[in-house]
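The values are calculated or read from the model by the stated rules, or taken from the named source; none is laboratory data. These numbers were taken from a predicted model, which means no experiment stands behind them. All Cβ positions, glycine included, derive from the backbone under ideal geometry; neighbour counts span all protein chains shown.
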Amino acid sequence: MNSTKSVVYLKAVGKARALAPIAHSAPPVKGKKNNILYFRRLPVVYTTTTETGETTPDVVIVPVISGNSIRGIGRELLFNQTIKALDLDRNFSSIGLPESQSVYVAFLLAKGGHAPEKCKPINAKIGVYTKIRKAIPMLSLLGGVYMGHHFESGLLCGFMYPVLRETVKAGLIPWLAEDKAFEYESAEEILNCRSSNAEVTAQFDVVSIQRFAKTNNKHYDEIEDLVSEDRKAAASPSEDKDTETRKDSPLSIFGVEVLPPGIELAHSVGLQTEPDDVGCVLAYKAYLALLAERAHVGGMGARGFGSVALRYSIEDGGNTEELGPQHVGDYVAYCADHRDEIIDALKSIPGAFQHTFASKEPKEKNGGDRKRAGGKASHDADDAGEDTVS
C-alpha cells in the first residue's frame, strides 16, 4: 500500500484466460452500416530494436476491453451485495424517503446516477460531499451523479489488454514488465513465447466471425454469402446491387468479431482514497473478488460469450494478497455493522444536494435568447423563471 499523509493508493493486477469467445463491440462508425459488430481496438506504441541496436517506436492497433464496461459489471455485483447487507430492496423504499426521491438515491448506487434534462445542481459545501461519500463505502469507491451533483470515484479501472508481444513491449502487462520477469529466464523468452498482434487478429476473419440467423436456418449457404459480402462492403464501401434483395430477405443475419478462447488478458485496477476510509478499501477488495467470481467480460453473455478464468491480487510491500470470497464477506459484515450510519447518509442525500429545473428557452450559439422570424431578431424575456424542487 503506497500512502502519503492524505492519500492511500492500492493497485490490483488481474490475470485472465478466455474460456469462450469474447465479444466487445466498437462504437458504430457514423455513416457506415453493416451487419458485423467489430471488436473494439486501440493504438498502442511499443519499441523495436534494430540489428544495429537502435530502438525505434512503432504503433499497432490491438483489441481491448474497455475499463468502463468492466466497471459497470462490478457495480451491479457490488450493489447486490450492498442491499443484501443493508436489508434493502432495489428501490430503497424502506429508508424513509418519498418514492420520487428514494428511486434516484438507489439509482445513484445501482447505475451511477442520473441527471434529468435541465436539472441544475445548487452548490453544496465540500465538507458535505466528503462526509456523505465516506459514510457510504460503495459511493466512495465508484462515485456517481445525483441530480447534477458529482461524487468523485476512488476507483481507477483500466483497459483489459491481450497478452501479446507488442503489449508486453509497451509495458502494459504488469507481471511481464522488465523488472518483474520472474516467470521467464529472459526478456527475449517473454517475447518469443507470446503471439503477435497480427497472429491473433488474423483469426478474426478466419474463425472468429460468428453468424446467426433468426429464422430459416436451412439457408446457411445464403447466409454465408451475404455475410461475406457485408465484410467486403465494410472494407471497401461501394454501391451494392443486391441492397433491395437483402432488405426484403426473411433472414436476419449478423456477425460479431470475437477474441478466440485461450488468449491471455491483463487488467490493472487502482484505488485512491483517504487513509481512514476503511469502508472504501473493503468495498474495493470485494468488488474485485466479485468480478473474479462472476468471471465474464465483454457482451453477449446470454449467447455463451465472455467466460474467463480470472483472478486479482494486490501487491503491498512485497506481500501478495489474492482476492476471494473472504473479502466479500468482510465488506458485507462492515455494511451490516454500520447499517444505521449508511442508511442515515443515504436518507440525507436529497436534502443535502438540492437542485432546480430550468425552464428557460435554450440560448443560441451566436449569443442571446433570440428567435429569428422574417429576417428580424426578436428578443425573449431574459428571465423565464425557475422552479425549485426539494
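Quick rundown of the values:
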item	result
Every residue from the range 132-155 that is of a type outside the set (A, V, I, L, M, F, W, C) and either touching a residue at least 12 places away in the same chain (Cβ under 8 Å) or crowded, with 16+ Cβ neighbours inside 10 Å (or both)	Arg133, Lys134, Pro137, Ser140, Gly143, Gly144, Tyr146, Gly148, His149, Glu152, Ser153, Gly154
Condition met for Arg75 (within 30 Å of Ile263 (Cα to Cα), touching a Pro at 6+ places or on another chain (Cβ under 9 Å), among the basic types (Lys, Arg) and touching a residue at least 12 places away in the same chain (Cβ under 8 Å))	no
Any hit, the range 37-52, residues being surrounded by 12 or more Cβ atoms within 10 Å (Cβ to Cβ), modelled with pLDDT of 90 or more and basic (Lys, Arg)	no
Every residue from the range 345-359 that is under 27 Å from the mean Cα position of the chain (by Cα) and in a loop (DSSP other than H, G, I, E, B)	Phe353
Among the residues listed as Ala377, Ala302, Ala373, Ala289, the single one being of a type in the set (Gly, Ala, Ser), in contact with a strand residue (DSSP E or B) (Cβ under 8 Å, 6 or more places away or on another chain) and modelled with pLDDT under 90	Ala377
Test: residue in the range 344-363 that is among the basic types (Lys, Arg), at pLDDT 90 or above and loosely packed, with under 15 Cβ neighbours inside 10 Å	no
